[in-house]
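Encoded as structure tokens, the structure appears first; notes follow it.
FYI, it's all coordinate maths here, none of it is from the lab. From a predicted model like this one, the values you see are computed outputs, not experimental measurements. Heads up, the Cβs are rebuilt from the backbone with ideal geometry, glycines too, and the neighbour counts pull from every protein chain shown.
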Amino acid sequence: MKNYNKLLKDLAPTKFGKVGVIWTISLIVIIIIGIIAYVDQLIKGQVVTNMRDYALWGIYISNFVFFVATSFVGSITVAILRLTHNSWRTPIVRIAEIISLAAIIMAGITIMIDMARPDRLLNLFIHARMQSPITWDVIIIPTYIVLSFLLLYFPLLPDFAILKKHYKEKSPFLSRWYGRLSLKWTGSLSQKTIQIKSIKIIAFMIIPVGIILQTIDAWLFSTTFRIGWDSNNFAPYFITGAFVAGIAALITVIYVVRKIYKLENYITDLHFDKLGKLLALACLTYLYFNINEYLIPVFTAKKGEAIHLDTLFTGHYAILFWFVILVGLVVPILILLFKKGRKPLPMFLVGLTVVIGSWWKRYLIVTPTLLHPFLPIQGVPESWRHYFPSLHEWLITIATLAMALLIITVLIRYLPIIPIQRTADEQELLKIKNTES
Amino acid sequence: MKKNKTNSRRIFLNKGLKLGLATVIGGVGLSKIGSKLNAKPNDSSGEKMELMTTDGNLVKVDSTEVIEIEHSQDYDKKYNVREGFSNRKFVMVVDLAKCKNALKCQISCNKNHYITGDNAWLKIYKMQESKETAPYWLPTACQHCDQPACVTVCPVDATFKRRDGIVLVDNTRCIGCRFCMAACPYSARVFNWKKPEQGDIISDMKMNNQVPSPDHAGLPSIKGTVDKCDFCPHEIKEGKLPHCVTACPNGVFYFGDKYEDSVTNGEETLRFSKLLQDKAGYRLMEGLGTEPSVYYLPPVDRLVDFKDGLEDFTEFQSVVKPE
């Protein structure tokens, strides 16, 4: 019982310190600036962006792809580790679920920011056409949002009940809300069976749905004729890329949370080691698909492909391209191969560079292709031949990233980031084992 | 106790479902039998009527078998913007041998479609396939493909293909996702990034008795939607040729109906199939399988030297804006 009280004290959500408050306020300020920029975009039209008839998609789309990719972490860590009975996952699953939910919600919002006529959003339902990959996206994204939410919510029920009791005197208001959210959880056998069964079904469902989500995201590009997009490699390429981005984001967030909440006893070096191996696997698979994507076209060197790849390898995008490939992929693999590289701090740095690399990677997938159409770019202002995001685009994009971080922050503030009940159960099991042996 | 309760509910639901299913099947069966019973006995009156079938044969039919039907309204002949003209298939032939980049087509197109943006619908490219081959001028606009990539990817059916071959945009429905622009390999589509400054377009259109409709490229243009060449159905309706065809001083553009197998540039009318045969007509990027409605004749035996067009060529500007 003493143990249990310590557990509760360690894991129950606590108020933010000074740093937490400053962090939250700065996120809110960034978001407000972004909203102002967006309203300006609504009024003036997308002329405030640097997108034009050739670079017709820009960072809104690459940012959307990044969010979709990051949301894959829910399917991977939670569902796959659950189905493969990897019990070390317990302290990290909730954070993974939170990242997943925040990312997929922001993906939905980001794609609407790119729409020039958000006032006609309902047309997507009224006049929906099944043959358009966008309609597939309209179906799969809400599905994934619901599944991610349920996968976060159902395992929370016992913890909500615990927190309701825990806060009864300290904060009646919070206690009431936790009580409502716990849906009258008593921990009875019948409740437990239903809960376990539901979680199992959702964990099963979210894997194919997650894979379909990434695939449709890839098909948005590969269903066109454009050089650099018209590739059969694209769907698995996107799935593995999502694997990389998601796990890297998870590692980064876990490191910060562990540091601030002092959870070294719960999230140990072992967890970082395991996650490091998982990230190394993800990066290696992604590297494999990158080789397929970039080196095989070099072999045949069709004219359009050759021009496209030249701008990436040695041309205008070379610095960014090699940063993404080397710093965002190859160097992390090398670091992660060593046991010392899989300690928390190096892992945090690796995770951060991989996340940044992943973000720019999407930019490199979207932009260069559009600037190499089949017919030459002629008869338009010189500036239309290049693309770099405008101030409005940066402000709005940074605001979407801040909004994702804010969702994560708020959820971390009010939810037990490490499942309390589950950890208690596991410790109980351990004790029983220890006394037996 | 609780378990019992759920169990009895399950049983109730199960029974209810089965009963419902049985009722439905029974109902359908009864109505079938009923309709059989109500059918009139097949007593022929012996009176035969002589009728002509649609393929011109005379047949005799028992008079009781003859039922008068209402004349079906001929929807085929009614004009509908999304259906287009019946029994027509518009095609264009562009004779590259005659083009000298005079730009009159573009100017006329811009004027009549009130294009004030930086990107014209009709563009004349300076082309040269390789160093050794001759340069030439290539006018392009929307190719009005029979397998249009833009229509396939549109999520809201804002861009559509008509049976007369024309691809149009309904800019009151377009959500501005620009997927069609990404899908089009001919870069034919332009976007209204800001509120289009089309001047007195509304009063101008009223004067010309034009109503906003996809037939007239959806004019007036709307902020945040896609525009493109419309093949001028508003001209076709009045028996006229598209603006670019009539404006060209060199007779580069031929427009016509594939079913009539004739195309005209306003001066001469030629047999479409023979023209393509004789002059080795081709289409742009045939390999993509988009099946364009615009055909090109190769730039051979040119009337005017390629260089003559260079004085009109402006690399970074295509739209001559009204002063």
Burial ranking of peptide ranges A:145-152, A:60-67, A:192-199 (average Cβ count within 10 Å, highest at the top): A:60-67, A:145-152, A:192-199
Per-residue counts of other Cβ atoms within 10 Å, averaged by peptide: what ranking do you get for B:286-299, A:100-113, B:253-266, highest first? A:100-113, B:253-266, B:286-299
Mind jotting down the three principal axis lengths of the range A:1-136 based on Cα atoms? Whole angstrom, largest first. 65, 41, 27
Mind checking the angle between helix A:344-370 and chain A's longest principal axis? C-alpha axes, 0 to 90 degrees, to the nearest 10. 30 degrees
Greater than 18 Å separation of Cα atoms is the criterion. Which listed pairs, A:Lys9/A:Lys259; A:Lys6/A:Lys274; A:Lys6/A:Lys200; B:Lys123/B:Lys258; B:Lys161/B:Lys195, meet it? A:Lys6/A:Lys274; A:Lys6/A:Lys200; B:Lys123/B:Lys258; B:Lys161/B:Lys195
Once the Cα atoms of the range B:90-312 are picked out, what are the Rg and Dmax in Å? 17.1, 52
0 to 90° range, to nearest 10: angle between helix B:2-38 axis and chain B longest Cα axis: 90 degrees
Identify which of A:Thr400, A:Thr252, A:Thr24 has the largest mean-square fluctuation in a Gaussian network model of chain A, with springs joining Cα atoms closer than 10 Å. A:Thr24
Residue exposure sequence - A:Arg362, A:Arg180 - by fewest surrounding Cβ within 10 Å: A:Arg180, A:Arg362
For the range B:90-312, what's the relative contact order in percent, using C-alpha pairs closer than 8 Å and at least 6 residues apart? 31 percent
Give me the net charge of B:Tyr136's neighbourhood, meaning all other residues with Cβ under 13 Å from the Cβ of B:Tyr136; Lys, Arg count +1, Asp, Glu -1. 0
Candidates B:Val61, B:Val226, B:Val24, ranked by Gaussian network fluctuation over chain B, Cα under 10 Å, top entry: B:Val24
Just how far, in whole angstrom, is the range B:95-170 from the range A:394-413 if you go by their alpha carbon centroids? 43 Å
Shape call for the range B:158-216, from the Cα gyration tensor axes a ≥ b ≥ c (a/c under 1.5 means rounded, otherwise prolate when a/b beats b/c, else oblate), comes out oblate
Potential extension, B:Val66-B:Asp312 segment - 0.36 nm per residue separation minus Cα distance: 81.5 nm
Expected sort for B:121-133, A:288-300 on mean C-beta neighbours within 10 Å, highest first, is B:121-133, A:288-300
Could you calculate the FRET efficiency of B:Asn57 with B:Lys78 from 1/(1 + (r/R0)^6), where r is the beta carbon distance between them and R0 is 35 Å, rounded to 0.05? 0.70
What is the order of B:Arg271, A:Arg117, fewest Cβ neighbours within 10 Å to most? B:Arg271, A:Arg117
Roughly how crowded by other chains is peptide B:99-107, in terms of the mean Cβ count from those chains within 10 Å of each of its Cβ atoms? 0
Fewest first, what order do B:Met285, A:Met51 take by the number of other Cβ atoms within 10 Å? B:Met285, A:Met51
Top mean-square fluctuation among A:Ile307, A:Ile408, A:Ile202, Gaussian network model of chain A, C-alpha springs under 10 Å? A:Ile307
Spherically averaged projected area in nm², based on the convex hull that wraps the Cα atoms of chain A: 24.1 nm²
Among the listed pairs A:Lys192/B:Lys15; A:Lys303/B:Lys104; B:Lys206/B:Lys228, give every one whose C-alpha distance is greater than 27 Å. A:Lys192/B:Lys15; A:Lys303/B:Lys104
Within 10 Å of each Cβ in A:108-121, how many Cβ atoms from other chains are there, averaged over the peptide? 4
Pair A:Lys259, A:Glu382: separation of 7 Å Cα→Cβ label points (nm): 4.6 nm
Residue-by-residue Karplus 3J(HN,Hα) for the range A:25-37, coefficients 6.51, -1.76, 1.60, Hz, glycine and proline x: 5, 5, 4, 5, 4, 4, 5, 4, 4, x, 5, 4, 4
1/(1 + (r/R0)^6) with r = Cβ-Cβ of B:Arg163 and A:Val29, R0 = 56 Å, i.e. FRET efficiency to nearest 0.05, evaluates to 0.50
Inter-chain shielding metric for B:184-197, i.e. average beta-carbon neighbours from other chains within 10 angstrom, reads 5
For the range B:90-312, size of Cβ-based charge dipole, Lys and Arg +1, Asp and Glu -1, in debye: 480 debye
Stokes-Einstein, Kirkwood over Cα pairs, the protein assembly as shown, 37 °C, 0.692 mPa s; D in µm²/s equals 107 µm²/s
If you line up the long axis of helix A:59-70 against the longest principal axis of chain A, both from Cα atoms, how many degrees apart are they, to the nearest 10? 40 degrees
Between the range B:249-323 and the range A:170-206, the alpha-carbon center distance in angstrom: 70 Å
How high is the relative contact order of chain A, in percent, with contacts defined as C-alpha pairs under 8 Å that are six or more residues apart? 32 percent
